[in-house]
1. In the stretch 88-109, which residues are free of Cβ contacts under 8 Å to residues at least 40 places away in the same chain and among the hydrophobic types (A, V, I, L, M, F, W, C)?
2. Considering ILE14, ILE30, ILE60, which residue is part of a helix (DSSP H, G or I) and within 20 Å of ALA170 (Cβ to Cβ)?
3. Within the stretch 65-87, does at least one residue satisfy the condition of being outside any helix (DSSP H, G or I), on the phi > 0 side of the Ramachandran plot and in contact (Cβ under 8 Å) with a residue 40 or more places away in the chain?
4. Would you pick out the residues in the stretch 81-91 that are of a type outside the set (D, E, K, R) and either touching an Asp or Glu at 6+ places or on another chain (Cβ under 6 Å) or open to solvent by less than 20 Å² (accessible area, probe 1.4 Å) (or both)?
5. Confirm whether GLU40 is among the charged types (D, E, K, R), over 18 Å from LEU113 (Cα atoms) and assigned to a helix (DSSP H, G or I).
6. How many residues are part of a strand (DSSP E or B) and out of contact with any helix residue (DSSP H, G or I) (no Cβ under 9 Å at 6 or more places or on another chain) when one looks only at the stretch 101-126?
7. Please state which of the following conditions LEU51 fails to meet, knowing it meets all the rest: (1) in a helix (DSSP H, G or I); (2) open to solvent by 10 Å² or more (accessible area, probe 1.4 Å).
8. For ILE60, indicate whether it is surrounded by 16 or more Cβ atoms within 10 Å (Cβ to Cβ), more than 13 Å from GLU158 (Cβ to Cβ) and at pLDDT 95 or above.
Amino acid sequence: MASFELKTPISKEIISKLKMGDVVYLNGVIYTARDEAHLEIIKYHKKGENLPFNLENGVIYHAGPIMKKENDKWICVAIGPTTSARMNDTEEEVIKITNLSAIVGKGGMKKELLNVFKENKVVYLAAPGGCAALLANCIKEVKNVYFLELGMPEAIWELEVENFGPLIVAMDSHGNSIYEEVNEKVFENLKTMVQS
């Protein structure tokens, strides 16, 4: 297991070096994107319109942050991860449209996406649950907000982060998943218990 401090955007070459179980801290710009944001990205693509932001080799964070406005500036109060399985059905299309490099969330995504991660050199980084305020401290600036009409949690927030983490490489670009490993071990343990 290795530890990496990565600056966004993250090249596919660097993504290829990350292995399941590695620890990652992010610096630079990341974007939040939940269910509605994914649908909005797909809608823009289908209309042939350019998105108002660039996710090439970028990072999306499955999160619905709590923001407050102070003197015309947005401040992030809390930003815990959203359950990523909610984006299972749209993630492949978003990856192919944007050519992003990393997804941050909690709980993992369906195993069928491992092939998509492999083909497109993408990693899934697991954020610690229950650390919404701690992760908010890693946000140095709210640079912009897109699609605010979708509501605060569903809007896409452009965030400048510093030492954002720790994040665990839970699904890598080599076809490995912590969630599959855990499931196999649990299954083997149950099987052993039943047989004894």
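1. ILE95, the sole residue that qualifies.
2. ILE14
3. No, the stretch 65-87 contains no residue that is outside any helix (DSSP H, G or I), on the phi > 0 side of the Ramachandran plot and in contact (Cβ under 8 Å) with a residue 40 or more places away in the chain.
4. Within the stretch 81-91, PRO81, THR82, SER84, MET87 qualify.
5. yes
6. Step one: of the stretch 101-126, the residues part of a strand (DSSP E or B) are 102-106, 123-126.
Adding the requirement that they be out of contact with any helix residue (DSSP H, G or I) (no Cβ under 9 Å at 6 or more places or on another chain) leaves 125.
Looking only at that region, the number is 1.
7. Going through (1) in a helix (DSSP H, G or I); (2) open to solvent by 10 Å² or more (accessible area, probe 1.4 Å) one by one, LEU51 breaks only (1).
8. Values: surrounded by 16 or more Cβ atoms within 10 Å (Cβ to Cβ): yes; more than 13 Å from GLU158 (Cβ to Cβ): no; at pLDDT 95 or above: yes.
Criteria not met by ILE60.
The values are calculated or read from the model by the stated rules, or taken from the named source; none is laboratory data. Everything numeric in this text was worked out from a predicted model, so none of it was measured. Heads up, the Cβs are rebuilt from the backbone with ideal geometry, glycines too, and the neighbour counts pull from every protein chain shown. Surface accessibility is based on the protein's heavy atoms, side chains included, excluding ligands, DNA and RNA. Shrake-Rupley method; radii C 1.70, N 1.55, O 1.52, S 1.80 Å.
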